[in-house]
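Report on the structure given below.
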Amino acid sequence: MSQLRQYSRARIAITTAFIINGAIAGTFYSRLADIKQDLALSNSALGLALLVVAIGVLVGLGFSGKQSAKRGSAPVTFYATYVLGASLLLVGAANNYITLCLTFLVLGACLATQDVAMNSHAIVLEHEADKRYMSTFHAMFSLGALGGGVVGGWFSQHNISLMRHVAFIATLVFLSNFCVRNMFLPASLDQHPLEGKKKIKKPRLFLIVGLLGLCAAIGEGAAGDWGAILARDTFDASPFISTLPYICFSAAMVIGRLLGDRAAHKFGPMNLIVGGGLIAGIGLSSGLLVGGIGGVIFGWLAAGIGLSTVIPMLFSQAGEIAKNKFAGQFAASEGVAMVSGIAYFGFLVGPPTLGFLGDVIGLRWAMMVPAVLALIMALGSRPILGSK
């Protein structure tokens with residue numbers, strides 16, 4: 001098999017993994033309002049449950065980074081995808097708050113495990129093919145999230161049970177993953193046995209890159225965690241209309257990420273981060289101030305455009321740092337896991353904080369937090385990373 005064909009097949013496999021991860025996230029977010037209503041949860045209670053998801057994410061990040069370094073990112077991506085589909089079925093079966101939190105923990109860990117592995121394999125493909133793919137792959141995640149949100153909104157509008165919904169999605173996941181089982185690049189390309197190697201201090205640059213990602217992650221998470229609930233509870237939207245803020249956010253993410261690789265080459269990644277933060281911060285705050293369904297949709301649309309390219313570029317940068325500056329000390333998968341761990345801390349503190357603030361000052365005004373963080377990211381990134 002020619003190298004070009006091998007790279008093309010790997011690109012299909014990685015694209016499938018990103019779409020699956022996004023579709024499961026979109027499915028989950030699109031039914032949160034139904035879960036909240038069915039179990040009669042307050043904003044604070046749902047916020048705590050989402051905190052459990054984030055704890056699971058943090059557990060999965062470290063596990064996946066080590067396993068991908070030891071075994072190669074390809075097999076970890078493949079098997080984690082199957083487990084991820086099964087974890088969605090567990091969420092559908094939860095019938096009380098305790099079991100809901102337990103299934104949220106498992107889902108979060110599975111999402112993170114597959115996330116780190118597929119991003120690590122994407123970095124392998126970028127290095128082997130010497131081409132930039134990361135933003136496009138993340139566009140596929142957003143496309144999957146958009147599809148999951150649309151399908152979830154339709155299922156919700158027609159009062160189709162969550163269990164039937166997730167069983168349908170899980171079946172598609174299992175079939176899709178089986179079809180690409182032989183398309184990944186060899187696991188040996190990024191196997192880095194780390195036993196016995198001397199540990200070194202984590203570089204400050206990983207911390208800085210991760211903190212920038214944290215600001216973006218809180219904004220991304222808020223769109224899914226609270227977008228539909230804000231529309232339904234604050235502005236009395238119907239079940240389907242309440243999913244539109246997240247659907248529009250995901251659509252904007254798809255478009256922005258599809259154009260991201262070309263835009264980064266033309267304008268530079270630094271300008272994308274600064275400009276995107278300004279668009280997200282100003283647009284989201286303006287939409288919230290205007291209010292109504294139209295204002296909320298506009299706000300999350302602007303946030304999607306602005307935040308679309310931040311995370312994929314930071315992940316790609318983590319891989320470059322690991323390869324070029326710490327070869328033999330850190331695998332690319334561990335670099336991704338480090339940056340992800342810091343960035344995804346936003347998913348840990350974001351949901352409960354916004355839930356508690358929503359109960360105190362109203363969810364509409366609590367959503368100003370991700371808008372402010374986007375502006376902080378924009379104003380603080382150039383002085384910190386302008387020379388990188």
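The values are calculated or read from the model by the stated rules, or taken from the named source; none is laboratory data. Treat the numbers as computed from the prediction; the structure is a model and nothing was measured. Counting neighbours? That spans all protein chains shown, and the Cβs are built from the backbone with ideal geometry, glycine included. Accessible surface areas use protein heavy atoms only, side chains included; no ligands, DNA or RNA. Shrake-Rupley method; radii C 1.70, N 1.55, O 1.52, S 1.80 Å.
Selection of the stretch 176-191 for residues being touching a Ser or Thr at 6+ places or on another chain (Cβ under 8 Å) and either at pLDDT below 90 or open to solvent by 50 Å² or more (accessible area, probe 1.4 Å) (or both) yields C179, A187, D190.
Somewhere in the stretch 192-199, is a residue of a type outside the set (A, V, I, L, M, F, W, C) and assigned to a helix (DSSP H, G or I)?
Here is the first cut: in the stretch 192-199, the ones of a type outside the set (A, V, I, L, M, F, W, C) are 192-193, 195-199.
From the residues that got through so far, the ones that are assigned to a helix (DSSP H, G or I) too are none.
No, that holds for no residue.
Does any residue of the stretch 130-138 turn out to be free of Cβ contacts under 8 Å to residues at least 24 places away in the same chain and either over 16 Å from the mean Cα position of the chain (by Cα) or on the phi > 0 side of the Ramachandran plot (or both)? Yes: the stretch 130-138 contains one or more residues that are free of Cβ contacts under 8 Å to residues at least 24 places away in the same chain and either over 16 Å from the mean Cα position of the chain (by Cα) or on the phi > 0 side of the Ramachandran plot (or both). Restricting I123, I169 to those that are out of contact with any Pro (no Cβ under 9 Å at 6 or more places or on another chain), of a type in the set (V, I, T) and over 20 Å from F28 (Cβ atoms) reduces the list to I123. Would you check which residues across the stretch 139-160 are in contact (Cβ under 8 Å) with a residue 40 or more places away in the chain and either open to solvent by 10 Å² or more (accessible area, probe 1.4 Å) or of a type in the set (A, V, I, L, M) (or both) and list them? Residues satisfying the conditions are A139, M140, F141, L143, A145, L146, G147, V150, V151, W154, F155, Q157.
Only residues that are assigned to a loop (DSSP other than H, G, I, E, B) and either touching an Asp or Glu at 6+ places or on another chain (Cβ under 8 Å) or under 14 Å from K323 (Cβ atoms) (or both): list them for the stretch 121-140, please. Lay out the reasoning, then the answer.
Within the stretch 121-140, the first condition is being assigned to a loop (DSSP other than H, G, I, E, B), and the residues that meet it are 130-133.
Within the stretch 121-140, D130, R132, Y133 qualify.
Do the conditions hold for H121, that is, is it farther than 30 Å from P245 by Cβ and surrounded by 24 or more Cβ atoms within 10 Å (Cβ to Cβ)? Criteria met by H121. Scanning the stretch 318-355 for residues that are over 23 Å from R132 (Cβ atoms), open to solvent by less than 20 Å² (accessible area, probe 1.4 Å) and modelled with pLDDT of 75 or more turns up G346, G350, L354, G355.
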